[in-house]
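**Student:** Pasting in a structure now, in structure tokens, and then I'll have a few things to ask.
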């Protein structure tokens, strides 16, 4: 244990725990349950692993002293950590185990070489992946698979050497943590031929998605419509329900063809997970959250947020019914094709006819961007200025040289889905985004640059730690900035608008509503994406019921229905990029919760939010140019994954758990308005039976 780690433990307030009154009457009845819970804690906490026998002895003592109650459980565990690590330190000073010392010395030498190999391999693999994603050709695909297979072989050989170390006995926490991270091989655990098959399957599914084109509703001979930008523009601007239904159905006809590939993808992904000692790919995906109760925590967050979503859902359905008539039922789920988005995941593009105060028209920010001659490059330069104003890092020269910030005009096929890339050499970081000059893409530019900022902040960490504290953190960082960027206060500062809009209270509700159509509406979709996949990986949803179970989730959790009947001859999950690209989605749900938690903390540090001051509401906070807030955010980002995510969260927020209260506080004025409006209009809250059917048919 290094001095910094020891000092961190010395900061624990031992007196607070020691002063708790003794009460051992319930010790006998509570010991078994508490003992089990404690045992589970040290199984999942490296700080507690070195001396498990002392844990139980010390726990018996604490229980006898009456310190077993839940109100002091966390402090009890911290004291255990303190005592055990103190013992470890003393043993190091007064007669530590020479064998462990010798093995740790060898391990450090091995790790130094492994880190060097890893960043070199990651760089090589990322270059091959970039080449394919930015130019979809058969050659680039073959090269990506070849490089990936080559790297997998090398990783497997190093893993064999790594397993010769008994790293669970290491006293050095950092050394033990890095070894533990390297001990998970992932897909590379597969035999070489199966690894190549899995890589090819995912690449083929991505290619089918990226190259899919449909025919125009108005001109059946024009079959050149891609998802970006043509189909997306139809979905966001057309108000013809038949045209919207056409593009919705035709896109799914094109993407459903990957279902046989997806079945094999599930098989090989599960096999890889089992070779890593996980029961299924579900457990593998959840592993990095470092908590056996994480799924329960996510469910609890959704229960907190659901009442807000139900109010928004009811209001939007009411407005859609006013617009489209009987196409939308009064008390049923909302037809998915009418919400302005291919997957009905965000609803911002129906704001123009659903605004709470339609006569209070705010500025058209997209038009203002165009009027001020913004370009994709200028949009990203503005995003960079925001980060630099917080005392965070400017983009390196290679970012501007190598990024693709607008769709190339050379006719190539590429994956247009916006993404940020770390090439692991500490100097090459890129964004690939087919940017249009719209306010939505202006916000996306900040989001993607948030990923780059995270890469820059933790680039000096060992390679194993160059990742977010958890994957939700990575998604949240850029959005924290976007919450400030979207305020009229900020847009005035950067000169996009001359003055803040009139009719302040009504305009605030309109802006919160527009934000809610993206942030609140997204929550159930982000939640159900992986709920469905977990069931698939665990074998609880079989290929014969993939599509109908998908729509069960869409109906039960999101209150959405398809525009036409579906069957198992369809495969609607494949219409979403992350499904075919093997990208877990829970990160986005986490992000949409913790970004408000981070935002609240940063705003309090900046003095821009005070829960007791009505003139400083959370939704009006802008942290632009506040270096104090920026330094606090930077401190968290610099940790990477060197510590468990709860400690990273605590570094900024003072909290160790995810908490939806920040989001609820942000949208509190809207929540109250929606409740009042829905009651006034006697709008039904929730939804009844879905009229559209999904037919289970034998696989062909």
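Computed from the coordinates by the stated procedures, all read-outs in this text should not be read as laboratory data. Given the structure is predicted, the values throughout are model-derived calculations rather than measurements. Cβ placement follows ideal geometry from the backbone for every residue including glycine, while neighbour counts extend to all protein chains displayed.
**Student:** Note the full-extension length gain between residue 565 and residue 169 as 0.36 nm times their separation in residues minus their Cα-Cα distance, in nm to one decimal.
**Tutor:** Taking residue 565 through residue 169 to full extension adds about 136.8 nm, to one decimal.
**Student:** The stretch 344-389 to the stretch 202-226: how many Å between their Cα centroids?
**Tutor:** 28 Å
**Student:** If you don't mind, there's one more thing I want to ask. Note down the relative contact order for the stretch 566-700 as a percent, whole number, built from C-alpha pairs under 8 angstrom at least six residues apart.
**Tutor:** After rounding, I find 34 percent.
**Student:** Using alpha-carbon pairs under 8 Å, 6+ residues apart, how would you state the relative contact order of the stretch 585-636 in percent?
**Tutor:** So the answer I get is 30 percent.
**Student:** Counting DSSP beta bridges with both partners in the chain, what percentage is antiparallel, nearest 5?
**Tutor:** Bridges in the chain are about 55 percent antiparallel.
**Student:** Could I ask something else about it? Each label point is 7 Å from the Cα along the Cα-to-Cβ direction; what then is the distance between the points at residue 610 and residue 240, in nm?
**Tutor:** Modelled inter-label distance: 5.6 nm.
**Student:** A further question on this structure: Give the order of 242, 608, 150 when sorted by the count of other beta carbons within 10 angstrom, beginning with the fewest.
**Tutor:** 242, 150, 608
**Student:** Does the stretch 183-315 come out rounded, prolate or oblate, given a ≥ b ≥ c as the square roots of the eigenvalues of its C-alpha gyration tensor, rounded meaning a/c under 1.5 and, failing that, prolate meaning a/b above b/c?
**Tutor:** Oblate is the answer for the stretch 183-315, as a/c is 1.5 or above yet b/c matches or exceeds a/b.
**Student:** How many nm is it between the label spots at residue 625 and residue 682, if each spot is 7 Å from the Cα in line with the beta carbon?
**Tutor:** Inter-label distance under the simple model: 5.3 nm.
**Student:** Another question, then. Students often get this wrong, so try it: which of (1) 39, 34, 25; (2) 42, 32, 27; (3) 118, 24, 16 is semi-axes √(5λ) of the Cα gyration tensor in Å as calculated from the structure shown?
**Tutor:** Looking at semi-axes √(5λ) of the Cα gyration tensor in Å for this model, the match is (2).
**Student:** Then there's this: What distance in nm separates the simple spin-label points at residue 154 and residue 388, each placed 7 Å from Cα in the Cβ direction?
**Tutor:** Calculated label separation equals 3.6 nm.
**Student:** For residue 102 and residue 425, what is the calculated FRET efficiency with R₀ set at 45 Å and r taken between the beta-carbons, to the nearest 0.05?
**Tutor:** Calculated value: 0.85.
**Student:** Additional query: Could you state the number of Å between the C-alpha centres of the stretch 557-622 and the stretch 516-536?
**Tutor:** Spelled out, the Cα-based centre of one part sits 8 Å from the other.
**Student:** Still on this structure: Specify whether the C-alpha gyration tensor of the stretch 109-183 places it in the rounded, prolate or oblate class, a ≥ b ≥ c being the square roots of the eigenvalues: rounded for a/c under 1.5, otherwise prolate if a/b is larger than b/c and oblate if not.
**Tutor:** In terms of gyration-tensor shape, prolate.
**Student:** Sorting 366, 460, 484 on the 10 Å Cβ count, fewest up front, what's the list?
**Tutor:** Final ranking by Cβ density, sparse to dense: 460, 366, 484.
**Student:** For the chain, calculate the relative contact order in percent as a whole number, restricting contacts to Cα pairs under 8 Å that are 6 or more residues apart.
**Tutor:** 16 percent
**Student:** At q = 0.13, 0.14, 0.17 Å⁻¹, what is the log10 ratio I(q)/I(0) for the stretch 292-350, with the Debye formula run over Cα points and no solvent?
**Tutor:** Computed log10 I(q)/I(0) values: -0.43, -0.49, -0.65.
**Student:** Still on this structure, please answer the following. With a/c under 1.5 counting as rounded, go ahead and sort the stretch 349-462 into rounded, prolate or oblate using the C-alpha gyration tensor (a ≥ b ≥ c being the square roots of the eigenvalues; past the cut-off, prolate if a/b is larger than b/c, else oblate).
**Tutor:** The shape class here is prolate.
**Student:** I would also like to ask the following. Once the Cα atoms of helix 98-133 and of the chain are each reduced to a long axis, what angle between those two axes, in degrees from 0 to 90 to the nearest 10, is obtained?
**Tutor:** Helix 98-133 sits at roughly 10 degrees to that axis.
**Student:** Rg(Cα) of the stretch 551-700 divided by 2.2 N^0.38 Å?
**Tutor:** This ratio for the stretch 551-700 stands at 1.44.
**Student:** Pop the C-beta distance of residue 279 and residue 138 into the FRET formula with R0 = 35 Å and round what comes out to the nearest 0.05.
**Tutor:** 0.40
**Student:** Tell me the mean residue ellipticity at 222 nm calculated for the chain from its helices only (DSSP H runs of n ≥ 4, each -39500 (n - 2.57), averaged over every residue, nearest 500).
**Tutor:** Only helices count here, giving -19000 deg cm²/dmol.
**Student:** Could you pull out which residues in the stretch 266-300 have an amide N less than 16 Å from a spot 7 Å beyond the Cα of residue 542, following the Cα-Cβ vector?
**Tutor:** Under 16 Å, as judged by backbone N against the label point of residue 542, lie 267 of the stretch 266-300.
**Student:** Between residue 373 and residue 460, what FRET efficiency comes out of the Förster formula 1/(1 + (r/R0)^6) with R0 = 30 Å and r the beta carbon distance, rounded to 0.05?
**Tutor:** Computed FRET efficiency for residue 460 and residue 373 comes out at 0.20.
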